[in-house]
1. Can you tell me which residue among LEU259, LEU326, LEU311 is in contact (Cβ under 8 Å) with a residue 24 or more places away in the chain, under 14 Å from PRO141 (Cα atoms) and touching a strand residue (DSSP E or B) at 6+ places or on another chain (Cβ under 7 Å)?
2. Residues ALA72, ALA80, ALA56, ALA66: which one is farther than 30 Å from ALA242 by Cβ and hydrophobic (A, V, I, L, M, F, W, C)?
3. For VAL172, state whether it is in contact with a Gly (Cβ under 9 Å, 6 or more places away or on another chain), modelled with pLDDT of 95 or more, in a helix (DSSP H, G or I) and among the hydrophobic types (A, V, I, L, M, F, W, C).
4. Is it the case that SER60 is touching a residue at least 60 places away in the same chain (Cβ under 8 Å), open to solvent by 50 Å² or more (accessible area, probe 1.4 Å) and either not acidic (Asp, Glu) or not in a helix (DSSP H, G or I) (or both)?
5. Give me the residue from the range 88-115 that is within 17 Å of the chain's Cα centre (by Cα) and without any contact (Cβ under 8 Å) to a residue 40 or more places away in the chain and, out of that set, nearest to ALA150 (Cα to Cα).
6. I need every pair where a residue in the range 212-230 that is outside the structural domain of LEU183 (by TED's automatic domain parsing) has its Cβ under 7 Å from the Cβ of a residue that is open to solvent by 30 Å² or more (accessible area, probe 1.4 Å), sequence separation at least 6 or different chains.
7. Being within 16 Å of the ligand (Cβ to nearest atom), outside any strand (DSSP E or B) and either open to solvent by 20 Å² or more (accessible area, probe 1.4 Å) or on the phi < 0 side of the Ramachandran plot (or both) is the filter here, so list the residues in the range 275-319 that pass it.
8. Can you tell me which residues in the range 241-274 are part of a helix (DSSP H, G or I) and either small (Gly, Ala, Ser) or in contact with a Pro (Cβ under 7 Å, 6 or more places away or on another chain) (or both)?
Amino acid sequence: MKLETLAIHGGNQISDKEKPVIQPITLSTTFTHQEESMVYSRANNPNRNSLERLLAKMESGEDAAAFSSGNAAGVSVFQALEPGSHLIAPDDMYHGLRAAILQLFDGVLEADFVDMTDPKNVSEALRPNTKLIWVETPSNPLLKISDIRAIADISLKAGTTLVCDNTFATPVFQNPISLGADLVMHSSTKFFGGHSDIMGGALITKRKDDFWEKIKNVQKVGGAVPSPMDCYFLCRSIKTLAYRMKGHAEHAGQLATYLMAHPAISDVYYPGLVSHPGHSVASSQMTGFGGILSFLVKDGADAADHLISKLKYFTNATSLGGVETLIERRAASENPETKTPQNLIRVSVGLEHLDDLLADMDQALASI
Ligand SMILES: *Cc1c(COP(=O)(O)O)cnc(C)c1O
């Protein structure tokens, strides 16, 4: 089955004798005791089951676990590590997960944050107690590209678990498991949900090993599970994921090209641009470059804020992956010590008509 077909049929498990075309939402928190029945919704629920099976298939994995947010998914991986383990993560890791490592696992886990655009930095950071390598590519918000195959080689030789945060690419454009990753992580709040109305997260595993059993136990005992409603709506949204991603990528590519040529902009970060330092690696591991880009406004942070205030169709809000275009001066949303340039603007390019988006950006840029 191709991804588009899988997305429509893979999460739709019908067991009712009335044969509805769409799987109903099972809100019940508990199930009548009988052989093979489910027991309690924190452990298992028909809608979550469908979502997890769908996600496992879409990422070419053996199993999946759905969570109530992307951060809950990431934190579950860290919770499954033995205390005293060392992990290596990107120096521009999603700021919320970096905060989780530093604030929640201080004194429990050791972590090094390195520039993963050069795999050598990963090898050099290995320690005898390194258990996990975390990759995020393309990264948020600098769209840096890491070579998943090269880092998977390092991880395999070192006997560590390689996790890839695949939120920006989605399985439509990148399959980390087929490139050598052991686990894939998603914020389903973003492109999977696609309409800025669901919080969710997911982990997908290449194989059901001991580490995976620990993660499944964190999911069940920790209890950061999504509601049946959210699982239902995620399955619904995923049906159009492939078509939305193609639209997002087409629009982002065109907006990036437009911004490159504008005198008020000094740099544009989009892996689809041949000038992007990660372009060739991105081309070797992605089938499309995604819907997120960022750029630097020459005249600084105030000019960037002014530009954003003049836009009509670009909503000034954090988050990404919805059908509506969102824009923000990213450093203002991150922690005060962030290394993100103060004049960097991140755009999640939506599915409005491209002509409207370009005309809007054009008039706003003319005003700065
Ligand atoms: C948003 C995001 C997360 C965190 O997900 P939440 O659903 O907000 O908890 C993790 N990684 C990336 C790349 C993200 O964009």
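1. The unique qualifying residue is LEU326.
2. ALA80
3. yes
4. So SER60 fits the description; yes.
5. The extreme case among them is ARG98.
6. Hits for this filter: zero, empty list.
7. GLY278, ALA282, MET286, PHE289, GLY291, ALA317, THR318, SER319
8. Those that are part of a helix (DSSP H, G or I) and either small (Gly, Ala, Ser) or in contact with a Pro (Cβ under 7 Å, 6 or more places away or on another chain) (or both): ALA242, GLY247, ALA249, ALA252, GLY253, ALA256.
The values are calculated or read from the model by the stated rules, or taken from the named source; none is laboratory data. The model shown is predicted, which means the values in this text are computed figures rather than measured ones. Note that each Cβ is placed from the backbone with ideal geometry, even for glycine, and that neighbours are counted across all protein chains shown. Heavy atoms of the whole protein, side chains included, go into the accessibility calculation; ligands, DNA and RNA do not. Shrake-Rupley method; radii C 1.70, N 1.55, O 1.52, S 1.80 Å.
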